[in-house]
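All of the numbers you see were taken from the coordinates with simple rules; none came from a lab. Please read these numbers as outputs of a predicted model, since none were measured by experiment. Glycine gets a Cβ as well: all are built from the backbone with ideal geometry, and neighbour counts include every protein chain shown.
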Amino acid sequence: MIRLISLVISSSNSLVLASASPRRAKILSEAGFTLTIQPSHVYENGILQTTADVNKAVMKLALFKASAVTASNGRKYVLGADTIVLFEEDILGKPESPKEASKILNRLSGQTHEVITGVAIVNPEGLMFTSHVRTSVNLKILNSELISSYVSTGAPFDKAGGYGIQDSSFDGVESYDGCYLNVVGLPMCAVANLLEISGFQLKKRVSCQGHLGAKRLYVNYVDHVESSL
């Protein structure tokens, strides 16, 4: 099991995280950021269902999350993110019941799927920047005992695709190609790049830990929310 590696980042600027995800908060806190956590409560399914291009959809959703809390945070940097699992052109969200979690894991068993995270930064001047990262993940063949045991922990219910690559109770990942932290839920390669180009003062250049294979990083500048639609 690969563990999260602390990334040494230091800045006098604090960061607002527009997410309730404890994993995203953990990654950023361990990296040295001073965080204010303010979940955005954006309706995710509506955006995902009305945007055909999944890359644009996750960036749009991340930007909506960041923008939703910007007004109440004055001149601060705000970070929004959204992660989805894509399998056979279907977006697999967070399971809402043990039955749904088991169904998703059985479907992914022995198969390769993609994890896509959209990241957005709104800087103190109101300028907006978005990015997305894709990682290919291959799961082992999951037997019913492993699935039942993992589902019983309750861990799948707050995770897209019904599993956490970082969970000690889930030994189901055979391999992955791309960014490990992307699968956890926050690709620091994209976050660090967006913060840097948006004006956030990083004391040193950050390299995202846990990359395997090709690095997939796409960055966009948008001047208002509508331009990301």
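Observations on the structure shown:
- As a proxy for reagent exposure, ranking Glu114, Glu88 by other Cβ atoms within 10 Å from fewest up yields Glu88, Glu114.
- Neighbour counting of Cβ atoms within 10 Å sorts the residues Ile141, Ile27, Ile197, fewest neighbours leading, into Ile141, Ile197, Ile27.
- By the count of neighbouring beta-carbon atoms within 10 Å, fewest first, Leu195, Leu35, Leu86 end up ordered Leu35, Leu86, Leu195.
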